[in-house]
Amino acid sequence: MTERAALSLEIVTPKGVVLRADIDEVVAPGVRGEFGLMPGHVPMLAALHVGVVHYRTKNAAEMIDVAVGGGFVEMADDTALILTDRFITKDAIEVLVVRERLRAVDDELDKWLGELDSPKRLELIEEEQWLAAQLEVYGDPPVAHVLEQRRPHDFAAVLPSIDAEPAHHEGADDSHGRGDAAGLGDSAAPGDEPADESKQGAA
């Protein structure tokens, strides 16, 4: 029986090659969600999001997890090349330090009053995601707290209250919708003859 071809995985950071292995498959965090690669995959280039890379070495039963920063994934000739600015394995994670720093970052983001697109705030969000990825690799993922770049809209500020009185526009015809308005409440019913005031006076 012919042995199935392997996929070569390489992860490279500014420090050099940090991981090289023959694997059966790899799942990486893309900017639009996770995607998987296996031997024979078509050539591709994709942006990498901060998160967790899962891969399974040949004939292994379980996946191995590592945390990575942002970067790119290139697939060509059965080689998956991951270029990233950060990388860490489970045994290198200082979990107590990571938890403490994550609490500090969350607190700073919760109290943020500056511009939403401030470079400092965006750096904090990326750090929060990096710390959360490390805890996921360690097996102790935090409660989801990753913030968006935009605060939720306060719809109460732009929508009228359901208890508020309808706005009255100056110059509007008050006769619409009011049965006692002049010209409607006092109007004669269809088919009635108008009263002859001269005859009433003679009587």
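The values are calculated or read from the model by the stated rules, or taken from the named source; none is laboratory data. All values derive from a computational prediction rather than experimental measurement. Cβ coordinates were reconstructed from backbone atoms using ideal geometry, including for glycine residues, and neighbour counts include every protein chain displayed.
Could you go through segment 8-26 and let me know if any residue there is in contact with a strand residue (DSSP E or B) (Cβ under 9 Å, 6 or more places away or on another chain) and within 22 Å of residue 141 (Cα to Cα).
Yes, there is a match, as at least one residue in segment 8-26 is in contact with a strand residue (DSSP E or B) (Cβ under 9 Å, 6 or more places away or on another chain) and within 22 Å of residue 141 (Cα to Cα).
Given the conditions (1) at pLDDT below 95; (2) surrounded by 16 or more Cβ atoms within 10 Å (Cβ to Cβ); (3) of a type in the set (S, T, N, Q), which single one is not true for residue 59?
(2)
Please go through (1) surrounded by fewer than 18 Cβ atoms within 10 Å (Cβ to Cβ); (2) in a strand (DSSP E or B) for residue 82 and return the number of the only condition it doesn't satisfy.
(1)
Out of the residues in segment 88-135 that are in a loop (DSSP other than H, G, I, E, B) and of a type in the set (A, V, I, L, M), state the one that is modelled with the lowest pLDDT.
Step one: of segment 88-135, the residues in a loop (DSSP other than H, G, I, E, B) are 93-94, 111-118.
Now restrict to residues that are of a type in the set (A, V, I, L, M): 93, 113, 116.
Values: 93: 97, 113: 93, 116: 90.
Looking at the filtered set, the residue picked out is 116.
Keeping to segment 8-25, report how many residues are among the basic types (Lys, Arg) and closer than 19 Å to residue 40 by Cα. Give the derivation first.
The initial filter retains those residues of segment 8-25 that are among the basic types (Lys, Arg), namely 15, 20.
So of that shortlist, the ones also closer than 19 Å to residue 40 by Cα come out as 20.
Counting residues in segment 8-25 that are among the basic types (Lys, Arg) and closer than 19 Å to residue 40 by Cα gives 1.
Do any residues in segment 52-78 that are in a loop (DSSP other than H, G, I, E, B) have Cβ atoms under 8 Å from those of residues that are of a type in the set (Val, Ile, Thr), where the two are at least six apart or on different chains, and which pairs are they?
58/23; 63/27; 69/50; 69/84; 70/50; 70/84
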